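Single-structure report; data block below.
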Amino acid sequence: MQIYNRDSIDVAVVGAGHAGIEAALAAARLGLDTVLFTINLDAVGNMPCNPSIGGTGKGHLVYEIDALGGEMGRAADQVTLQSRTLNLGKGAAVHSKRVQADRAAYRALMKRTLENTPHLRLVQAEIVDIETTSDGETTTAGETTTAGGRKRVCAVVTAFGARYECKAAIISTGTFLRGKIIVGETEYSSGPDGMLPAASLTESLRREGIS
């Protein structure tokens, strides 16, 4: 693969699920030049497993995101199909709101929000490598540095060889990273909803000592 310098940015966010969306919006709203990478533009804000937001296990996270100026709660309110408060027969400590969201409407709304946010670009590309620097040396695919000192991200590279220099990379790959479908005793590589898994990025993270 021939690598070429595509751009120089402040923040690269890999993965456009719930976490990636909030990370990209937070960075862009702080005025940082941000690029959000996704394998498929149709998978932005996708909810393949359960199109609900809130509930006893995760409801407090939605309120925390909302308090910090995040987008999930605001978007959920606009695409709600059904809303309930769970556990009303129990104590107030476990009462929790949960909404059933329109999957297609949520994806479209989040994609539109991202596309209309200043300082933010949405790019369809698979990130296959994260380059780091350490004491003047660069760690890229197939190479490992043993130099001491703190490592810093210096670039992300797409499957087509486009290199984006960056000051920070936020990895939010969710179920795409080495994604598998498991049915009984059968398993095979795949992303959610029949999309491609992100396989190549795994080796890059291992090289950097990330389990």
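Details
- D (Stokes-Einstein, µm²/s), Kirkwood Cα radius, the chain, 0.692 mPa s at 37 °C: 176
- Rounded to 5, the percent of DSSP beta bridges in the chain classed as antiparallel: 60
- Taken about its Cα centre, the range 3-66 carries a charge dipole of roughly 120 debye when the Cβ of each Lys and Arg holds +1 and the Cβ of each Asp and Glu holds -1.
- Under 30 Å from residue 167, Cα to Cα: lysines that are on another chain or at least 8 residues apart: 111, 151
- The apolar share of the surface of the chain, taken as the fraction of accessible area on carbon and sulfur atoms (1.4 Å probe, ligands and nucleic acids excluded), comes to 51 percent.
- Solvent-accessible surface of the chain, taken per residue with a 1.4 Å probe and all protein chains present: 56 Å².
- With at most 15 neighbouring Cβ atoms within 10 Å, loop GluC sites (Glu not before Pro) (DSSP) excluded, longest segment of the chain: 1-142
- Solvent-accessible surface ranking, highest first, for 200, 189, 211, 96 at 1.4 angstrom: 211, 189, 200, 96
- Of 179, 69, 87, farthest towards positive along the dipole that unit charges on Lys, Arg, Asp, Glu beta carbons give the chain: 87
- The lysines within cross-link reach of residue 97, meaning a Cα-to-Cα straight distance under 22 Å and a gap of 8 or more places when in the same chain, are 58.
- Helical content of the chain, expressed as a calculated mean residue ellipticity at 222 nm, amounts to -7000 deg cm²/dmol (DSSP H runs of 4 or more residues, -39,500 (n - 2.57) each, divided by residue number, nearest 500).
- For 202, 133, the ranking by accessible surface with the largest value first comes to 133, 202, using a 1.4 Å probe.
- Computed from point charges on the beta carbon alone (+1 for Lys and Arg, -1 for Asp and Glu), the dipole magnitude for the chain about its Cα centre is near 680 Debye.
- Accessible surface of residue 49, taken over heavy atoms with a 1.4 Å probe and every protein chain present, rounds to 120 Å².
- Accessible surface of residue 38 - all protein chains present, 1.4 Å probe, nearest 10 Å²: 10
- Ranked from largest to smallest solvent-accessible area, with a 1.4 Å probe on the protein heavy atoms, 58, 97 come out as 58, 97.
- Taking all Cα pairs closer than 8 Å and separated by 6 or more residues, the relative contact order of the chain comes to 25 percent.
- Dipole-positive endmost among 52, 134, 159 within the chain (Cβ charges, Cα centre): 52
The values are calculated or read from the model by the stated rules, or taken from the named source; none is laboratory data. Everything numeric here is computed off the predicted structure, so don't read it as measured data. Virtual Cβ from ideal backbone geometry, glycine too; neighbours counted across all protein chains shown. We work out accessible area using only protein heavy atoms, side chains counted, and drop any ligands, DNA or RNA first. Shrake-Rupley method; radii C 1.70, N 1.55, O 1.52, S 1.80 Å.
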